[in-house]
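The values are calculated or read from the model by the stated rules, or taken from the named source; none is laboratory data. Predicted model, so just to flag it, every value in this text is computed and none were measured. All Cβ positions, even for glycine, are placed from backbone atoms using ideal geometry, and neighbour counts span all protein chains on display. Please note that ligands, DNA and RNA were not included when accessible areas were found on the heavy atoms of the full protein model with its side chains. Shrake-Rupley method; radii C 1.70, N 1.55, O 1.52, S 1.80 Å.
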Amino acid sequence: MNEGIYNHLLRSYKSNQKSLSVLIDPEVHSNKNKLSQFLKVLGSNQIDYIFIGGSLIKNPDINPLIKFLKSRTEIPLVLFPGNGLCLSESADAVLFLSLISGRNPELLIGQHVPVAAALKKSNIEVIPTGYMLIDGGRPTSVSYLSFTNPIPNDKPEIASSTAIAGELLGMKLIYLEAGSGAQIPVPAFMIQQVRKSIDIPLIVGGGINTTEKAINALHAGADMIVIGNKLEQNPDFIKDVSYVLKKFNESLDIH
């Protein structure tokens, strides 16, 4: 993608074109045969990005996975690191996540410092991202490992103020996350209020396991939705979500 990942996201946001990303957890997708089949399913649908990461990474060396993915797909690869170790210069971009919904200094800036100089020297595109955990109805790995509490899902004013603060601090993206396998996705009214409050692209993920939930997130103002856990159970679900994105971007009524 010659224009760069962020410029493409920004252009899509300004033209009201929605994006779809699939999250690949290195720990879950360790079997190359299964991963090859999974990539074939992705390749037959309209997928904009592949996010790579997870809350708990046992083996921080993800270079073999990146190399494998590059050999089998042209979909841009974006790192979604659970910590400062899960990095690879072979990826196309990295979401440089700051957990702005929490008060853990390690995840606000602490883990960023040791890798900052290496990232600046690398060729990988670095995208500062304000990462916000929203209560998804159950405890999640990321809330447990990050020692932070999610924003209550009935407090959109807290979410919007936090997102505004992230934007004013220089974040280029805001990511609302309900957590892997969330029982409740980020509520539409919260997405809507955050979308109205900021002027940068908005990503929404966690608990989007039906086409109805995908449609609700898109109509509420998500510029990109991220699908992960559901695809581990049913890879063919991506066909339905891809169709939703296609029709949404064609400005057709998909209700």
*Difference of contour (0.36 nm per residue) and Cα-Cα distance, residue 184 to residue 73*: 36.8 nm
*Tensor-based shape of the stretch 119-214 (alpha-carbon gyration tensor, a/c under 1.5 rounded, otherwise prolate or oblate)*: prolate
_Set of lysines with alpha-carbon distance to residue 213 below 28 Å, sequence-local pairs under 8 removed_ = 14, 18, 34, 40, 155, 172, 196, 230, 239, 246, 247
*How large is the charge dipole for the chain, taken about the Cα centre, if only the Cβ atoms of Lys, Arg (+1) and Asp, Glu (-1) carry charge, to the nearest 20 debye?*
320 debye
_Positive-end residue, the stretch 116-182 charge dipole about Cα centroid, Cβ charges, pick of 146, 122, 159_ = 122
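Pull out the extension gain between residue 44 and residue 61, defined as 0.36 nm times the separation in residues minus the alpha carbon to alpha carbon distance; nm, one decimal.
Once the chain is fully extended between residue 44 and residue 61, it gains 3.2 nm.
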*asked:* Need one word for the stretch 16-56: rounded, prolate or oblate. Basis is the Cα gyration tensor (sqrt eigenvalues a ≥ b ≥ c); a/c below 1.5 gives rounded, then a/b vs b/c decides.
replied: oblate
*Pop out the carbon and sulfur fraction of the accessible area of the stretch 1-128 as a percent, whole number, probe 1.4 Å.*
51 percent
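For the stretch 77-179, state which GluC sites (Glu not before Pro) are in a DSSP loop and have at most 14 other beta carbons lying within 10 Å of their beta carbon.
Loop-located and lightly packed - 89.
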*Determine which residues of the stretch 143-167 fall in the zone a paramagnetic label at residue 27 would reach in this model, i.e. backbone nitrogen under 14 Å from the point 7 Å along Cα→Cβ.*
143-146
_Modelled FRET efficiency - R0 30 Å, residue 246 with residue 117, Cβ distances, 0.05 increments_ = 0.10
*Tell me, what HN-Hα J-couplings in whole Hz come from the Karplus equation 6.51 cos²θ - 1.76 cosθ + 1.60 at θ = phi - 60° for each residue of the stretch 140-151, using x for Gly and Pro?*
10, 4, 5, 5, 5, 6, 8, 6, 10, 9, x, 5
_Orientation-averaged projected area, Cα convex hull of the chain (nm²)_ = 12.4 nm²
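Please identify every one of the trypsin sites (Lys or Arg not before Pro) in the stretch 164-255 that sits in a loop by DSSP and has no more than 14 other beta carbons within 10 Å of its own beta carbon.
Those that pass, being in a loop and sparsely packed, number zero.
Rolling a 1.4 Å sphere over the protein heavy atoms, what is the accessible area per residue of the stretch 1-94, to the nearest Å²? Could you put the intermediate results ahead of the total?
On the way: 4680 Å² over 94 residues.
I get 50 Å² per residue for the stretch 1-94.
Classify the stretch 1-147: rounded, prolate or oblate, from the alpha-carbon gyration tensor (a ≥ b ≥ c, eigenvalue square roots; a/c under 1.5 rounded; otherwise prolate if a/b is larger than b/c)? Mind dumping the intermediate values first?
Values: a/c = 1.35, a/b = 1.23, b/c = 1.10.
Cα axes put the stretch 1-147 in the rounded bin.
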*Given the Cα-Cα distance of residue 89 and residue 15 and 0.36 nm per residue of separation, how much length would full extension add, in nm?*
23.6 nm
